[in-house]
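Colleague: Shown below is the structure under consideration.
The values are calculated or read from the model by the stated rules, or taken from the named source; none is laboratory data. All values reported here derive from a predicted model rather than from experimental measurement. For neighbour counting, all protein chains shown are included, and Cβ atoms are generated from backbone atoms with ideal geometry for every residue, glycine included.
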Amino acid sequence: MTLPSTPAPAAHDAGRAPAVVGLPALDAAALDDADPLAAFRSRFLKPEGEPVVAYLDGNSLGRPLADIGDRLAAFTAGPWGQRLIRAWDEEWMDEPFRLGDRLAEVVLGAAAGQTVVADSTSVMIYKLVRAALDAAGPGRDEIVIDRENFPTDRFLVEGIAAERGAALRWITPDPATGVTAADVEAALSPRTAVVLLSHIAYRSGYVADAPAITDAVHRAGALVVWDLCHSAGSVPVELDAWGVDLAVGCTYKYLNGGPGSPAFGYVRAGLQETLQQPIWGWMGAADPFGMTESYVPAAGMRRFITGTPPILAMQPLSAMVELIAEAGGIEAVRAKSVLLTEFAASLADRDLAPLGVQFASPRDPSVRGSHITINHPRFRGVTALLWERGVIPDFRPPHGLRIGLSPLSTSFAEVEAGIEAIRGALTELA
Ligand SMILES: *Cc1c(COP(=O)(O)O)cnc(C)c1O
C-alpha cells in the first residue's frame, strides 16, 4: 500500500510544558539512540516467558522495577522480620509522611508537611472532598465536577451530595479535549463549595490549566481538589506555586507502585487545621497510643489518615520516586513523554488514519499528557486480538483505544511495533 506523506511536526507553543523538540524523522531506532533516558528501560522487569511486544498501558498499571523482588525480600528479612513491632516506632509511623514529602519534592512541586501516602485514591478523594464541603461557608452547597471525569470521581461526589444534601453542578466539556477555565468559570457561583477536576483527562489526555482554574475557583470563594492520577510521574505539577488547596493521586500508574499501591493526598499547609476529614480512626488521632475516650484529630497531615498505613505496599513506590529523581526529575521525564506521544500521533496519522481511525486527543503536546486515545468502531475486538499477541493498549468505551506511554519504561521501537500491530489487527478484522 502507499502511505500518505507524513505531516511535518507543527511548531508548538511551549505553553504549560517544556519546549517541544520536533521529531527529526519517524525513525524509531534513531529516536531510541538519541534518547538520553534509554538506559532506564533496563531498570524495569523484563519477565521471561510469554513475550510482551509492546506495553502501552503503563498509564493504568506501571511495570515493576527489576529489583522490586529483592527490595521486598530485604524489607521482609529486615524491618519486618527482625525489627518486628519495634519498626513502627523506629520508622513506620513516619513513613506515610516521609514518603509523601519525597513524592512532593520530586513530582508534585510541594514543600514538606503537606502530603501523605494512604488509602486508595477513591477513599482519599472522598475524605478531601467531604472535608472541603463541610468547611464551606453558609449557602455554599454545590460541588462542581465534569461529565468526562473518571467514574470513581463522579460516583464519589454523587454519594457525598446524597449524604450531605449538596447539589452537583455538571460541566460538559468537549470529550476530545477537556475542561477549560471558561467552562469552570461558567459553573461557579456563590453557592460553590468545592470543585473536583482531573488535571489530565483519563480518556483524551488533555491537560487542564490548573493554575488558571485554581485562581478562578478561589475568586469564587471555593476550594479546588485536583485529581492527579494521570499526571503524577508524567508531567510537571506545581501544587504550591499554583496555590492548589487539595490534591489526590494514584501511585500504581506512572509511579509504578504496583497493583493497589496506596494513594497520596495533599492538603495546603494553611488549610490543614481548618479541615476535618470524615473517617475518624485511631491513626489520625492526636494520640494514637493514648487509647483515649474519643477522637481528637492530630495536628498537620496526620489527621488525614485513618487506620494502619500500608507500609509494605509503599516500598515499590518509594523506589520509583528515587528512580525519577535519578533520571533527572520530572522535566526530563516529560521531555521524553512529549516525544513518545508525538511519535505515536505521527504514526497514527500515517498508518491508521487511512483505515478510518480518528485521533481523539489534543494535537498540541503542551496540553497533552502521556497517553493518546484513538477511535474506531472496531477497537473493542482489535484490543482483544492485540492482547493475545502481546501488544497491550487498553480499551475505553465506546470505541477508544488508549495508548499509554510511560516514559522511563517505553521505547520508540515499542510504540512503532504497537501501531503496526494495531494496523495489522484492524486490517484483519475489516
Ligand atoms: C485511575 C484513576 C482513579 C483510581 O482510583 P482507585 O481508587 O485507585 O481505584 C481515580 N481517578 C482517576 C482520574 C483515575 O484515573
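Colleague: Just to confirm my filter: which helices (runs of 4 or more DSSP H) fall fully inside the stretch 136-232 and include at least 1 residues that are within 24 Å of the chain's Cα centre (by Cα) and within 16 Å of the ligand (Cβ to nearest atom)?
Modeller: 151-164, 210-219
Colleague: On the basis of being under 28 Å from Thr251 (Cα atoms), at pLDDT below 95 and either among the aliphatic types (A, V, I, L, M) or touching a Lys or Arg at 6+ places or on another chain (Cβ under 7 Å) (or both), does Ala181 make the cut?
Modeller: Judged against the criteria, Ala181 is not a match.
Colleague: Could you check Leu246 against (1) over 28 Å from Arg169 (Cα atoms); (2) within 16 Å of the ligand (Cβ to nearest atom) and say which number it fails?
Modeller: Condition not satisfied by Leu246: (1).
Colleague: Still on this structure, please answer the following. Name every residue in the stretch 105-135 that is within 16 Å of the ligand (Cβ to nearest atom), surrounded by fewer than 20 Cβ atoms within 10 Å (Cβ to Cβ) and not hydrophobic (A, V, I, L, M, F, W, C), in order of residue number.
Modeller: Selection gives Ser120, Ser122.
Colleague: Quick one: Pro51 ticks every box in (1) at pLDDT 95 or above; (2) within 28 Å of the chain's Cα centre (by Cα) bar one, so which box is it?
Modeller: If we test Pro51 against (1) at pLDDT 95 or above; (2) within 28 Å of the chain's Cα centre (by Cα), just (1) comes out false.
Colleague: Restricting attention to the stretch 258-284, which residues are crowded, with 16+ Cβ neighbours inside 10 Å and small (Gly, Ala, Ser)?
Modeller: Gly258, Ser261, Ala263, Gly265, Gly284
Colleague: Starting from residues that are more than 28 Å from Arg396 (Cβ to Cβ) and touching a strand residue (DSSP E or B) at 6+ places or on another chain (Cβ under 9 Å), keep the ones in the stretch 44-78 and report whichever is nearest to the ligand (Cβ to nearest atom).
Modeller: For the stretch 44-78, the residue satisfying everything is Arg71.
Colleague: Please verify whether the stretch 170-178 includes one or more residues that are surrounded by 16 or more Cβ atoms within 10 Å (Cβ to Cβ) and under 23 Å from Gln277 (Cα atoms).
Modeller: no
Colleague: Give me the pairs, please: first residue somewhere in the stretch 37-50 and in contact (Cβ under 8 Å) with a residue 12 or more places away in the chain, second residue anywhere and among the basic types (Lys, Arg) and surrounded by 10 or more Cβ atoms within 10 Å (Cβ to Cβ), beta-carbon distance under 8 Å, and either six or more positions apart or on two chains.
Modeller: Final answer for the pair search is Leu37/Lys336; Phe44/Arg63; Leu45/Arg63.
Colleague: Continuing with this model, one more query. Take the stretch 278-336 and flag every residue that is at negative phi, part of a loop (DSSP other than H, G, I, E, B) and among the hydrophobic types (A, V, I, L, M, F, W, C).
Modeller: Those that are at negative phi, part of a loop (DSSP other than H, G, I, E, B) and among the hydrophobic types (A, V, I, L, M, F, W, C): Ile279, Trp280, Ala286, Val296, Ala298, Ala299, Ile305, Ile311, Ala327.
Colleague: Is the stretch 91-104 home to any residue that is more than 16 Å from the ligand (Cβ to nearest atom), acidic (Asp, Glu), crowded, with 17+ Cβ neighbours inside 10 Å and within 18 Å of Ile311 (Cα to Cα)?
Modeller: There is at least one residue in the stretch 91-104 that is more than 16 Å from the ligand (Cβ to nearest atom), acidic (Asp, Glu), crowded, with 17+ Cβ neighbours inside 10 Å and within 18 Å of Ile311 (Cα to Cα).
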